[in-house]
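For reference, the structure is listed below as structure tokens.
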Amino acid sequence: MIRIAVENLEPGMVLAASIPHTKHPGRALLAAGYVLDPKTIAKLPEYGVKGVWINHPGFDFLDAQVASGVPESRTRLYHDIKRNFTALANKTAGAFDLQFYKELISRLIEELVKNKDHAVWAERILEEPEELFSHSANVAYLVMILGMSLRNYISHERKYVDRRLAQDLTNLGIGAMLHDIGKIKLPAELRRSHVLDHHEDEEAYRSHAAQGYQLLRGRLEATASGIILHHHQRYDGNGFPEPTRPHAGRHPEPLRGDRIHVFARIVAVANVLDGMMAICDRKGLPKVAALAALQSAELRGMFDPVVFAAAVRSIPLFPVGTCVTLSDGREAVVIDLNAKRPCQPVVQILKPGAQVQDPSGEEINLAEPEAPSITHENRRPVDKYLYKPPDVITRHIAESYQDEADQATTACDDLLEAGAPSGGSPAAQPEA
Ligand SMILES: [Fe+2]
């Protein structure tokens, strides 16, 4: 199967995977095997469908590499979050059901474990007009992928907690789902805003972290409610909320580096990544534009570099199955990723008329010298956004392939050597 953008679909193409119904969770909009016709293709954008998996001879081997059922579980998550946030907004915090969120997260973990080899971030789901809910679902989903790939780093950062407990991702997932719950207290126009948007009403926007924390304080484990309060706290010490209570006549230092709980550091990365992708979506820019924008040293300074490297690896710029155009004019399909050089995956040439002819096209590793480069993704120009991750990120990505036992320690040592901003002593690490 290959992934085709809705605008490039042609009548006669056959769905290789069902399309989840965006308005009715658990139902399929169209089932696998459906033969597309012009009327159906024209209607797909109305249901928020951006791309579909299509049968294609010569690319059956990709079927095993693609977790095509994952979007369905994410759509379910979106609807569950929407239902519960709405209940909270309409009633009171008394409507909050922690057990419900625990069950959502354990279902999500089960889903991701089942698809652990393929669980990557393909695309955002469902945007307007319910941006708050889709953002919460997207962030929760991405955070759980990150949490699973960072289990050892998490237990290293929570060194004063029993290892088994330290690696329990339930509170990470609950905090991620609820990180923006404070926005239900904001005016409708601010609910859609992300931190990277320009805010006319900056102070009101910033209040959502503290408002969300107050709303659910005492109803969640401290590690989960800490995420709500600190998901805008930057690794370099910027961000909000600012410390306000003077202690012994002195204002406390802002939280920075490893003084911010590792769960909040993970959610901070996922939050900004999804926010940047939402902004690019609105402007009609490809996903690679969002990732490219986050490569500047200034923006990277916002994040824990180990977490950021894991996020870059979890969001393939050109996921397996993506149709691309090369600089020599040939059409190709991505068949393997390159974590260190995400803009240079391995592709297989799509022969003209391959639906009926010999499908076996040439395989090219775009990272090889003299290899062509990608110019378009699904016929949309992307060449001006292609980038090479900075060395510090590449090094952390490389480290993530090392023996798991070494991974967290090495990453931390390297960070200190690189002079990355770091917080106070480990004893200062907030851990409730
Ligand atoms: Fe937020």
Output needed: percent of Cα pairs per 10 Å distance bin for region 248-334, bins running from 0 to the one holding the longest distance. 14, 37, 27, 14, 5, 2, 1
Order by protection proxy (mean Cβ within 10 Å, highest first), peptides 314-322, 226-234, 155-163: 226-234, 314-322, 155-163
Let me check I've understood the local charge: for Cys343, count other residues with C-beta under 11 angstrom from its C-beta, Lys and Arg +1, Asp and Glu -1. What total comes out? +1
Sort Leu104, Leu98 so the one with the fewest other Cβ atoms within 10 Å of its own Cβ comes first. Leu98, Leu104
Length-normalised contact order of region 2-55 in % [C-alpha pairs under 8 Å, at least 6 apart]: 51 percent
Give me Rg/Rg_expected for region 2-55, where Rg uses Cα atoms only and Rg_expected = 2.2 N^0.38 Å with N residues. 1.00
Of the listed pairs Lys287/Lys340; Lys43/Lys287; Lys39/Lys283; Lys283/Lys384; Lys39/Lys82; Lys102/Lys287, which have alpha-carbon separations greater than 20 Å here? Lys43/Lys287; Lys39/Lys283; Lys39/Lys82; Lys102/Lys287
Amide H neighbours of Asp236 under 5 Å, counting only residues 5+ apart in sequence or on other chains, H built in-plane at 1.01 Å? Gly257
Semi-axes (Å, rounded, descending) of the ellipsoid equivalent to region 301-390 per its C-alpha gyration tensor are 27, 13, 11
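Read the figures in this text as sums done on the coordinates, not as results from a lab. From a predicted model like this one, the values you see are computed outputs, not experimental measurements. Glycine also receives a Cβ, built like all others from the backbone with ideal geometry; neighbour counts cover every protein chain displayed.
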